[in-house]
Each structure stands twice: as C-alpha cells, then as structure tokens.
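Here's the structure we're looking at; comments come further down.
The values are calculated or read from the model by the stated rules, or taken from the named source; none is laboratory data. All of these numbers come straight from a predicted model, not from anything done at the bench. Glycine also receives a Cβ, built like all others from the backbone with ideal geometry; neighbour counts cover every protein chain displayed.
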Amino acid sequence: MTAYHRIAVLMGGRSAEREVSLSSGRGVVRALREEGFDAFELDPGENPGQQLFEARPDAVFNALHGRFGEDGTVQGLLELMRIPYTHSGVLSSALAMHKERTKDVYRAAGLPVVKSIIADRREAAREHLMAPPYVVKPVNEGSSVGIFIVRKGDNRPPAALAAEEWSISSAMMVEEYVPGRELTVAVMGGSSIGEDGALGVTEIVTDLEFYDYEAKYAPGGSRHILPAPVPEAVARDAMAMAVRAHRALGCRGVSRTDFRYDDTASAPRLILLETNTQPGMTPTSLVPEQAAHIGLSYAKLCRWIVEDASCDR
C-alpha cells in the first residue's frame with residue numbers, strides 16, 4: 001500500500017443518488033481528517049477533469065453513487081489523469097452497474113440468479129412481459145431507484161413507466177420476483193479482514209412494501225439485523241458467494257453483494273441480486289456497520305480504503 005496525504009473525496013455528482021453520495025462523502029471527509037489526512041470535498045461539475053487538475057490530490061476517494069460515478073466513466077477519467085483512486089476499476093464498475101451484464105458474469109461463475117429480460121420502459125408498461133409476480137427496475141441505476149413489484153393478480157404493469165416525466169433510464173429489467181428475506185454481505189477485497197474478506201451477513205427488514213429507496217434512506221425505513229438470524233450454513237454460503245461475485249466481476253477495494261434468501265419453499269435458496277462496487281459510506285450504512293461488528297471503526301475503514309487506492313484497477 002502507498003502512503004497518500006492529500007485526498008479529494010468525490011461526492012454529489014449528477015445521478016439520482018446525489019443526496020446519498022453527499023451524505024457518504026461528508027462522513028468520509030470527517031473520518032479521514034480524524035485519521036490525519038488532508039481530506040477535502042470535491043463535487044464534480046461540468047468539467048471534473050479541470051477541477052481535479054486544479055486540486056492536485058495525491059489520491060481520490062470515490063464516494064459518488066449511481067451513473068457517472070460508479071459506472072466506469074469517472075474511473076476512466078482518473079486512469080487517464082493517473083490519479084490513484086478507491087474502489088473498483090473501469091471494467092468491473094461498468095459490469096456491476098449494468099444489472100444484466102452482472103448476471104452474465106454471475107452465471108459464468110456458477111452463481112445463482114433468476115430469469116430476466118431487458119425491455120424499454122414503455123414496452124414494460126403496456127403488458128406483462130412475464131407472468132406475475134415479477135420486479136421491474138432500471139438496468140443501470142442503484143439504491144433501488146425506480147423499482148416496481150408487480151404482484152400476482154395485478155391486471156396491468158405500473159403506469160408510471162410510461163409517464164412523460166420519467167427521468168430515469170428507459171432500459172428496464174423485468175425479473176422474476178423472489179420471495180423471502182433480504183440479505184447483504186460486504187467484502188474487503190485483498191484484505192486479511194473477515195473470512196476471505198467477507199465481513200458478515202446482515203438481514204434488512206422493512207415495514208414498507210419492499211426495500212426501496214425510501215426504505216434505505218428515510219428515517220426508520222428499515223432495520224439492520226447483524227448477524228442475520230439465518231442458519232450458519234446459509235451465512236457461510238452467502239459470504240462465500242459474495243467473495244466469488246467480487247472476484248468474478250474483478251472488483252477492488254470494498255464491494256457489497258445483495259441477496260434474496262427464499263426460505264418460503266421446501267428447498268430454501270439464495271439468489272444473487274446485484275453487487276454494489278461503491279456501497280453507501282454514511283456512518284450508519286451497511287458496510288461500516290459490518291466493519292464495526294468485527295472491530296474495525298468507521299475511520300479505520302476509510303483509512304484502509306484510501307491506502308488501497310491505485311491506478312490500473
């Protein structure tokens with residue numbers, strides 16, 4: 001690991017997850033300053049390359065979320081400018097951001113997924129493209145933005161998908177709905193922390209319809225149970241699968257893989273949903289919670305992520 005001192009924390013940006021990114025970034029700046037770094041906020045505008053050139057950081061902590069932040073685009077800029085940066089590189093970021101490409105990688109690695117198709121949002125609004133229940137979600141957004149669950153017995157798909165004011169991606173994934181429980185596993189790739197880098201298994205519980213954007217970020221929207229109250233064998237499998245997903249996608253630094261644990265059937269199953277290459281980093285986010293559970297403070301976690309920064313990721 002290389003020693004860095006002046007750290008630009010990229011935060012905010014232009015995606016639908018801007019507010020979450022600002023919260024993550026502010027927490028990271030405070031933590032890095034506690035650790036003795038010269039950390040400062042950098043909200044990329046129309047010319048982020050010029051902003052970075054003028055700021056001259058030793059390294060970048062990428063706390064951007066969503067498109068233009070974790071889809072490989074800003075990673076490509078940082079590679080061109082030869083500025084060391086955190087989290088995953090260009091290819092793995094692009095793969096993990098596109099839910100169907102992620103599934104292709106999962107399948108090739110022998111990881112369990114459910115069937116899905118890609119369609120234009122208007123097509124998905126006209127008729128059922130698979131038998132309900134199913135989920136409709138943007139193919140390249142995060143934080144559960146723009147997700148709908150179509151239940152068995154629903155006569156039509158969500159009309160909102162055809163609305164003129166729709167401002168999210170037009171490409172939608174229509175995916176088989178998996179009943180059961182929401183689990184998540186953080187992985188610190190290349191570390192000696194946890195089990196092969198896996199920090200633990202959290203169950204996410206919400207009283208809302210499902211774990212959507214509001215459930216994730218509204219006060220009281222969800223509860224995190226750590227460790228998840230699942231059989232030990234299921235917890236081990238989830239951690240092993242998260243590590244395999246991290247490696248198959250070529251992730252670097254910290255990632256977080258989300259699962260559905262279907263314990264409603266006679267043969268319970270774990271299904272991978274997606275891998276987040278830049279998980280939320282507010283002090284109460286899932287990754288810092290799992291790190292704290294194994295004795296790694298928020299500030300020390302931020303230090304580890306910065307010290308892992310590099311180019312050619």
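Name the residues in the stretch 1-47 that are among the hydroxyl-bearing types (Ser, Thr, Tyr) and within 23 Å of the chain's Cα centre (by Cα), would you?
SER15, SER21, SER23, SER24
For SER192, indicate whether it is at pLDDT below 90, over 21 Å from the mean Cα position of the chain (by Cα) and closer than 30 Å to ARG252 by Cβ.
Yes; evaluated as a whole, the condition is true for this residue.
Out of everything in the stretch 283-297 that is in a loop (DSSP other than H, G, I, E, B) and over 13 Å from the mean Cα position of the chain (by Cα), what residue ends up being surrounded by the most Cβ atoms within 10 Å (Cβ to Cβ)?
LEU296
What number of residues in the stretch 262-276 are under 23 Å from GLY189 (Cβ atoms) and either of a type in the set (S, T, N, Q) or more than 11 Å from the chain's Cα centre (by Cα) (or both)?
5
If we keep just the residues of the stretch 2-38 that are of a type in the set (Gly, Ala, Ser) and outside any helix (DSSP H, G or I), which is nearest to ARG82 (Cα to Cα)?
Among them, the one singled out is ALA8.
Filter the stretch 7-24 down to the residues that are at pLDDT below 95 and in contact with a Phe, Trp or Tyr (Cβ under 9 Å, 6 or more places away or on another chain), then identify the one that is farthest from PHE61 (Cα to Cα).
So the residue we want is ALA16.
Which pairs turn up if I take residues in the stretch 255-273 that are β-branched (Val, Ile, Thr) and look for partners that are part of a loop (DSSP other than H, G, I, E, B) with beta carbon separation below 6 Å, at least 6 apart in sequence or on another chain?
Between residues of the stretch 255-273 that are β-branched (Val, Ile, Thr) and residues that are part of a loop (DSSP other than H, G, I, E, B), the close pairs are THR264/PRO179; THR264/GLY180; ILE271/PRO112; ILE271/VAL114; ILE271/VAL178.
Given the criterion in a loop (DSSP other than H, G, I, E, B), out of contact with any strand residue (DSSP E or B) (no Cβ under 7 Å at 6 or more places or on another chain) and free of Cβ contacts under 8 Å to residues at least 24 places away in the same chain, identify the matching residue among GLY76, GLY45, GLY66.
Exactly one of GLY76, GLY45, GLY66 is in a loop (DSSP other than H, G, I, E, B), out of contact with any strand residue (DSSP E or B) (no Cβ under 7 Å at 6 or more places or on another chain) and free of Cβ contacts under 8 Å to residues at least 24 places away in the same chain, namely GLY45.
Here are the criteria: (1) within 28 Å of ARG244 (Cβ to Cβ); (2) in contact (Cβ under 8 Å) with a residue 24 or more places away in the chain; (3) not in a strand (DSSP E or B). Tell me which single one ALA94 does not satisfy.
(2)
With the requirement that a residue be touching a helix residue (DSSP H, G or I) at 6+ places or on another chain (Cβ under 8 Å) and under 18 Å from GLY280 (Cβ atoms), what does the stretch 86-101 give you?
THR86, HIS87, SER88, SER93, ALA96, listed by residue number.
Out of all the residues in the stretch 298-313, which are at pLDDT below 95 and closer than 23 Å to HIS224 by Cβ?
Within the stretch 298-313, none qualify.
Sort out which residues of the stretch 102-144 are at pLDDT below 95 and part of a helix (DSSP H, G or I), and write them in order of number.
Across the stretch 102-144, the qualifying residues are ARG121, ARG122, GLU123, ALA124, ALA125, ARG126.
So is ARG121 free of Cβ contacts under 8 Å to residues at least 24 places away in the same chain, over 30 Å from ARG56 (Cβ atoms) and either out of contact with any Leu (no Cβ under 9 Å at 6 or more places or on another chain) or surrounded by 16 or more Cβ atoms within 10 Å (Cβ to Cβ) (or both) or not?
No, not satisfied.
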